[in-house]
Amino acid sequence: MNPSKVSYGLASSPFGRSLVAFRGKTLLYLGFPEAGEQPEDTLQGARLGSDFARDDSAAQWLADQVFSGEHVETAPVGTAFQQAVWDALKAIPAGETRTYSDIAQAVGRPSATRAVGTAIGRNPLAWLIPCHRVIRRDGTLGGYRWGLTIKRRLLAEEASQVKAA
C-alpha cells in the first residue's frame, strides 16, 4: 500500500452529506461538500496531496465513529499558526461561542483577526475542530465555510447536548 495515498469517501452524517478523508484510521479531513463540489479538488485544496483512493464504506465507518462521539485519531494538515488557531477553537466549550478577536487574543496575536479568520476558514475537520463556535463581535453568526445552514444546525445540536447533560 502506498503510504502517501489518501483514502476518501462520501458519508451521511447528522448534518447531511460529508466528505471524509483518511489515511488508515487517521482522519485528515471532514467537511460538508456543496452540490457539484469535486471531492478530489477539495482534498487537493486542503493540501492532502494528489494520490487518492475512494472508499465510501470506510468513510462511512469513520463518520459514524466521529458523530457518535467515539475517539478518532486526527492529523489535520496546516501551518503552525493554523494549528495554534485550531487548538484555540478546540478549547471553546461546547455550547459556547467566541469572537474572532477572542481567538486572536488566545493565540497571542491580538491584531491578527483577519489572519485568524483565514485560518478558521481552512479548518479541515468540521465538528471536531469547532470553528462553528466562532461568531462576529456584534453577535451575528458571520460566515461559515460550509454554509450558515450547517453552522446553525451544528450550534443547535451542541446546545441540545449541553442542555441534556
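The values are calculated or read from the model by the stated rules, or taken from the named source; none is laboratory data. From a predicted model like this one, the values you see are computed outputs, not experimental measurements. When we count neighbours, we look across all protein chains shown, and the Cβ atoms used for this are built from the backbone with ideal geometry, even at glycine. Only protein heavy atoms, including side chains, enter the accessible area calculation; ligands, DNA and RNA are left aside. Shrake-Rupley method; radii C 1.70, N 1.55, O 1.52, S 1.80 Å.
Output the 0 to 90 degree angle, nearest 10, between the alpha-carbon long axis of helix 148-164 and the longest principal axis computed from the alpha carbons of the chain.
Tilt relative to the chain: about 80 degrees.
As a check on your grasp of the helix formula, calculate [θ] at 222 nm for the chain: sum -39500 (n - 2.57) over DSSP H runs of n ≥ 4, divide by the residue count, round to the nearest 500.
-11500 deg cm²/dmol
How big is the convex hull of the Cα atoms of segment 1-93, per residue, in Å³?
112 Å³
Report the Cα-based extents of segment 44-132 along its three principal axes, largest first, to the nearest Å.
The Cα atoms of segment 44-132 stretch 44, 32, 16 Å along the principal axes, largest first.
Which is farthest toward the positive dipole end of the chain among 120, 16, 49, measuring Cα position about the Cα centre, with Cβ charges +1 (Lys, Arg) and -1 (Asp, Glu)?
Of the options given, the answer is 120.
Evaluate the Kirkwood expression for the hydrodynamic radius of the chain, namely the inverse of the mean inverse distance over all pairs of different C-alpha atoms, and round to one decimal in Å.
16.3 Å
Using a 7 Å offset from the Cα along the Cα-to-Cβ direction at both residue 79 and residue 37, what is the distance between the two label points in nm, to one decimal?
Modelled inter-label distance: 2.2 nm.
Check each of the GluC sites (Glu not before Pro) in segment 11-77 and keep only those in coil by DSSP with at most 15 other C-beta atoms within 10 angstrom; list them in order.
Here the GluC sites (Glu not before Pro) that fit, given the DSSP loop and packing criteria, are 34, 37, 70, 73.
Treating the angle as unsigned and between 0 and 90°, give the value, to the nearest 10°, between the Cα long axis of helix 80-90 and the longest Cα principal axis of the chain.
Approximately 70 degrees, to the nearest 10.
Please list 71, 132 in order of solvent-accessible area, largest first, computed with a 1.4 Å probe with all protein chains present.
Accessible-area ranking of 71, 132, largest first: 71, 132.
With springs only between Cα atoms under 10 Å, which of 39, 110, 130 fluctuates most in a Gaussian network model of the chain?
110
Mind pulling the angle between the C-alpha long axis of helix 56-67 and the longest principal axis of the chain? Nearest 10 degrees, somewhere in 0 to 90.
Approximately 30 degrees, to the nearest ten.
Carbon and sulfur: what percent of segment 1-120's accessible surface (1.4 Å probe)?
C and S fraction of accessible area: 49 percent.
On average, how much accessible surface per residue is there in segment 52-165, in Å², for a 1.4 Å probe, leaving out ligands, DNA and RNA?
With all protein chains present, segment 52-165 gives 53 Å² per residue.
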